[in-house]
Amino acid sequence: MKPMSDPEPVFAEPWEAHAFALAVKLSEAGFFTWTEWSATLAEELAAASRRGEPDDGSRYYLHWLAALERLVAAKHLVASPSLLARREEWAEAYRRTPHGTPVALEAAPHPSPLPAPSLTLPRERGREGWGQSGERGPASAGG
């Protein structure tokens, strides 16, 4: 097999790789099945299509992040107020960061968003989510 010459990066930004890895690890840890993950992501992509968003791949990881946020909220893996607070902290850090400079986000002052690994979570809870309106992810935080 011939090695690829100058392969393109899989992720355009580091946060995309982090969101990808987080979904994989949460599924591997049994917090949700990959089937649940796939269905949630498919719902996000279908909603984006209904809104008329371009299907050119440029927003794929924003939809990935939206699906991840929705699933962890539905599974009660993080309290909605903590998730909303962290999103606002990200947005504020993004707004105050000069263009071309990496965004620095300080450690969350909230309690740990995930339960201790020794806890056993119920396998299935309601599919209710929080706030499906508005943009999610770094691109929506001001630019």
Relative packing of 56-69, 32-45, 83-96, which averages over residues the other C-beta atoms within 10 Å, highest first | 56-69, 32-45, 83-96
Using θ = phi - 60° and the Karplus curve 6.51 cos²θ - 1.76 cosθ + 1.60, what whole-Hz ³J(HN,Hα) does each residue of the range 8-22 get, with Gly and Pro shown as x?
-> 6, x, 6, 10, 6, 9, x, 4, 5, 5, 5, 4, 4, 5, 5
In order over the range 25-40: 3J(HN,Hα) from phi, Karplus 6.51/-1.76/1.60, θ = phi - 60°, whole Hz, x for each Gly or Pro, gives 5, 5, 5, 4, 7, x, 6, 7, 7, 5, 5, 4, 4, 4, 5, 5
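Every number in this text was worked out from the coordinates using simple rules, so none of it is lab data. From a predicted model like this one, the values you see are computed outputs, not experimental measurements. Reconstructed Cβ throughout: ideal geometry from the backbone, glycine too, with neighbour counts over all protein chains shown.
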